[in-house]
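Structure record follows, encoded as structure tokens.
Quick note: the coordinates plus some simple rules give every number you see, no bench work behind them. What you see is a predicted model, and the numbers here were worked out from it, not measured in a lab. Ideal geometry is used to build each Cβ from the backbone, glycine not excepted, and the neighbour counts take in all protein chains shown.
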Amino acid sequence: MTQDNKLVALCKQSDLIPNSGICARVGDQQIALFYLPKETPQVYAIGDWDPIGKANVLSRGIVGDIDGRIVVASPLYKQHFDLHTGDCLEDATANVPCYRVSLDGDQVLIAL
Amino acid sequence: MLNVVVVGNGMVGHHYVAQLVDSGIDAKITVIGGEPRPAYDRVHLSEFFAGRSPEELALTTREHYAELGVDAHFGDPVERIDRDNKTVITNAGRSFSYDKLVLATGSYPFVPPIAGSDHQACAVYRTIDDLGNIQAQSKGAKVGVVVGGGLLGLEAANALQNLGLETHVVEFAPGLMGVQLDTGGSAMLRRKIEALGVQVHTRKATEVIEENVQGETRLEMKFADGESLATDVIVFSAGIRPYDQLARDADLKVGERGGIDVDYHCKTSDSDIFAIGECALFGGRIFGLVAPGYRMAEAAVSQLGNDPIPFQGADMSTKLKLLGVDVGSIGDAHGKCEGSIAYTFSDERIEIYKRIIVSADGKKLLGAVLVGDCSDYDSLLQYFLNDIELPADPETLILPYNAGSAPTLGAAALPATATICSCHNVSKGDIVDAMEAGHCSLAAVKSETAASTGCGGCTALLKNIVDTEMAERGLEVDTSICEHFAHTRQELFHLIKVGSIKSFDELLDKHGTGRGCDICKPATGSILASLWNDYVLEEKHVGLQDTNDTFLANMQKNGTYSVVPRIAGGEITPDKLIVLGQVAKKYNLYTKITGGQRIDLFGARVQHLPAIWKELVEAGFETGHAYGKALRTVKSCVGSTWCRYGVQDSVAMALYVENRYKGLRSPHKLKSAVSGCTRECAEAQSKDFGVIATENGWNLFVCGNGGMKPRHADLFATDLDDETLIKYIDRFLMFYVRTADRLQRTSVWMDNLEGGLDYLKQVVIEDSLGIAAELEEQMNNIVGTYQCEWKTTIEDPERLKRFVQFVNTDEDDEKIIFVQERGQPRPATEEERQTLLKETA
């Protein structure tokens, strides 16, 4: 990711669910957004598509940490995906895209 | 390569094959089984009528034998042995040559020479085909009689009871199980099984069986004392006789009363022919149990290798459950040894009988009889087998534990030679060796040694040994739920309860590290709900829930959800049925009837869930908690309201039970059922808690399970009135909620509960821990704070925020694609999806 990525406003911060995820759409990309008020940064974005379960569901998983890495567990078959990188902890061939997001006031911005 | 032919494919014949394959001896193995199917578990045969299929009883399959390179033939028994040409010839005329021949032909049931015993409604009990015959003969029958009150006879009686017949046992001797039990034990067993509805007739010699032309039953048995008994079906189970005809015809040495004579090597009088199992006679004895047969098989295999081990007879001690009654017999049960001293404990109120026989000097255990409570069996057997010196007051071994300090035989006291698992012949030394080699957990020891993977009777003892050995090595048993909490679920439960903790963050702050994960978060969510019963989607709880709990629906493979409204007891009005149909049509949902008597609506998109539920709630439906680790369904039969046989109103009871416990969050899902009579149409004995109507009230069963590892529920209490029934269920459920592991069903919980069923009865019925009132109060609190989560959710706009596909647009997820099949939608397969996506692109 480079700095000249286009920043797109996705939604409002108040649309997010604290300590959990929700899905947003930009074009044909489906993006899982996680809002963790106690962490820095507070907002994370990875692809919503679960390459193992083959469905758009990662935004509906449980967030936590494994060995210090902040992860979401797929609600289908429970593999863990690193919210900082999109890497799948159990299967390196199943990594998902990761996006840069930021909060600008009440706006959630994503770099595409 | 050695050419080995094994005749017979029962449990022992199969064990021989398995051992020979494992031994690495270079052998071509041919198996010829007389029965049409490969080896199966004869010990648990009566479970066939409790719903276990032949496939589930199977010990192996044709495919598995083929994988092992074993040439197996079934349904064509061997007709004769040609010793001169070292060949066996089958009934169909096929011949197989051998270098070594193994006879594992087993035994057949003895049918006493009684006139009329050849009637077609007279059966025997030995094979799966016999069971099929008993089942066929029992069609339309009301009464069944078993001739023979021994171990097998009582197994057969269990089978008849499972078939719903009024069951009688007719025994020639004065008591039941005369071989294994003394007079007192036999009397207690009789008392217990009569209480279970089996009628016992002892000292009865059957003289003739006649067709009953006028009466309501098919047959009439006439006894020597002039009395008679009317019945529809008779099962003979009066002992076994060795199948030794092949050996006789081949002029091998056989015993006077049958049995193929074998030596320490299990060799017959022809040194190229072995005989093992129930067809073999060793030291003038037939060993009619499976464990000695296995030892023979192992001894016979070892003769073909470099390290031959002798068969030296086997201990005939046995522990089993007959008609649900625990019975144990060790060594000299009758106290025949000279100078022996007996100690007896008998309690007719709780129907327990225990007797031990000790040597004249009081130092060695010679024998024991246990009826109604086998919890002391393992310890006693170790004393017996290993000649361990008894405590100064041997009676403390069998006295109820609150009467004195019962010295339990610790794992440390056992010698290395002590056999722990008799199914797989694993000694304490083997276990210690495995742990020395680095297999330092219960699971690792089990997979390394196969201990406790047979009948499972040694589970508690094995755990005890592993724990003791780990402690000796200074290793800690890590029971942490996950990396964030160094606690078990039970400990978390107590921490939350005692500390009045109301949220996950609070628990993490006080007792954990890190941020939590998908293991500890839902577990905590469940405990918080069990204790405080807050709305699960409250902001502080929502992040703890699995997706199913978050969306109050069950996620399916394509990311859509299924919707299951509660249909308590399976009872539903026509109007509500119509609403379900209308909703399904409107939202294009696939509908299917579930195993729990409800209707499941599949394929709902997340954004449609609130609208679907709004319509359902308006029509009077409530959430069914199909998504939660919670009470699911209470299945029922129609009961006495409609059914000719029903004795209680099972539907009303099921409705009451389901409505009482709905919403209860628990370590795992809970299923229940209520049957209106002993025919048990609601299958209550496969549920976490099941209720079966009796003439006098209700019988309560607990800790049953279907699923991957079925478990027949245990009879917990009988003839309860409504109030006591509910009281016991309240206590039982709350005790489970408090003490079970995460995702541990009641069946596994019970199998791991120290003290087992008896302990659970003490806690729930006798209130031995003094917590019954507290358990009831906690349950009343849950019942009193019930809310339909869907009703709460659709009334709260803040909660509905999450029920969208996309937070920033109303579009659909185009990856969710349905195709039509049999008039309903179903998710497209990956292939179909690719094709359809291309077409639209």
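Here, P(r) means the percent of Cα pairs in each 5 Å bin from 0 to the largest distance; for chain A it is 2, 13, 25, 26, 19, 11, 3, 0.
Taking the Cα centre of the range A:7-111 as the origin, how large is its charge dipole in debye, to the nearest 20, when only Lys and Arg (+1) and Asp and Glu (-1) carry charge on their Cβ atoms?
Details: 8 positive and 13 negative charges, 41 e Å.
In total the dipole reaches around 200 debye.
Using only Cα atoms, tell me the angle between helix B:772-784 and the longest principal axis of chain B; keep it within 0 to 90° and round to the nearest 10. Tilt relative to chain B: about 40 degrees. Placing unit charges on each Cβ (+1 for Lys and Arg, -1 for Asp and Glu) gives the protein assembly as shown a dipole about its Cα centre, and among A:Cys11, B:Phe493, B:Ala713 the Cα reaching farthest toward its positive end belongs to A:Cys11.
Contact order normalised by length for chain B, with contacts defined as Cα pairs under 8 Å and 6 or more residues apart; what percent is it?
Computed value for chain B: 6 percent relative contact order.
Two decimals, Cα atoms only, Kirkwood Rh: what is Rg/Rh over the protein assembly as shown? Don't jump to the answer; show the numbers that get you there.
Details: Rg = 32.2 Å, Rh = 31.9 Å.
Rg/Rh for the protein assembly as shown comes to 1.01.
Each other residue within a Cβ distance under 14 Å of B:Val5 adds +1 if Lys or Arg and -1 if Asp or Glu, for a net charge of -1. The lysines within cross-link reach of B:Lys319, meaning a Cα-to-Cα straight distance under 26 Å and a gap of 8 or more places when in the same chain, are B:Lys192, B:Lys336, B:Lys354, B:Lys363, B:Lys364, B:Lys428, B:Lys446, B:Lys463, B:Lys687, B:Lys709, B:Lys761. Taking Lys and Arg as +1 and Asp and Glu as -1, the other residues whose beta-carbon sits under 9 Å from that of B:Tyr343 total +1. Ranking of B:Phe384, B:Phe282, B:Phe818 by neighbouring Cβ atoms within 10 Å, starting from the fewest: B:Phe818, B:Phe384, B:Phe282.
Calculated on C-alpha atoms, the gyration radius of chain B divided by its Kirkwood radius gives an Rg/Rh of 1.00. In a simple Cβ point-charge model (Lys, Arg +1; Asp, Glu -1; nothing else charged), chain B has a dipole of about 1400 debye relative to its Cα centre. Computed from the Cα positions only, the extents of the range B:602-720 along the three principal axes stand at 50, 33, 22 Å, in decreasing order.
Dipole of chain B (Lys/Arg Cβ +1, Asp/Glu Cβ -1, origin at the Cα centre): which of B:Trp698, B:Val31, B:Ser447 lies farthest to the positive side? The residue sitting farthest along the positive end of the dipole is B:Trp698. Computed over chain A with a Gaussian network model linking Cα atoms closer than 10 Å, the most mobile of A:Ala24, A:Ala94, A:Ala55 is A:Ala55. Taking every DSSP bridge with both residues inside the range B:122-275, close to 40 percent are antiparallel.
When chain B is described by a simple charge dipole with +1 on each Lys and Arg Cβ and -1 on each Asp and Glu Cβ, the residue from B:Ser480, B:Ala159, B:Gly676 located farthest towards its positive end is B:Gly676.
Residue order for B:Tyr98, B:Tyr535, fewest other beta carbons within 10 angstrom first, comes to B:Tyr535, B:Tyr98. Please compute the contact order of the range A:7-111 in relative form: average sequence separation of alpha-carbon pairs under 8 Å and at least six residues apart, divided by the residue count, as a percent. The normalised contact order for the range A:7-111 reaches 26 percent. Only DSSP H runs of four or more residues enter the estimate; each adds -39500 (n - 2.57), and after division by the residues of chain B the mean residue ellipticity at 222 nm equals -9000 deg cm²/dmol.
Place a +1 charge on the Cβ of each Lys and Arg in the range B:710-809 and a -1 charge on the Cβ of each Asp and Glu, then give the dipole magnitude about the Cα centre in debye, rounded to the nearest 20.
Working: 11 positive and 19 negative charges, 153 e Å.
With Lys and Arg at +1 and Asp and Glu at -1, about 740 debye.
Pairs exceeding 24 Å between alpha-carbon atoms, taken from B:Lys557/B:Lys669; B:Lys100/B:Lys253; B:Lys321/B:Lys629; B:Lys671/B:Lys801; B:Lys557/B:Lys586: B:Lys321/B:Lys629; B:Lys671/B:Lys801.
FRET efficiency for the A:Val26 to B:Glu695 pair, using the beta carbon distance and R₀ = 56 Å, is estimated at 0.20.
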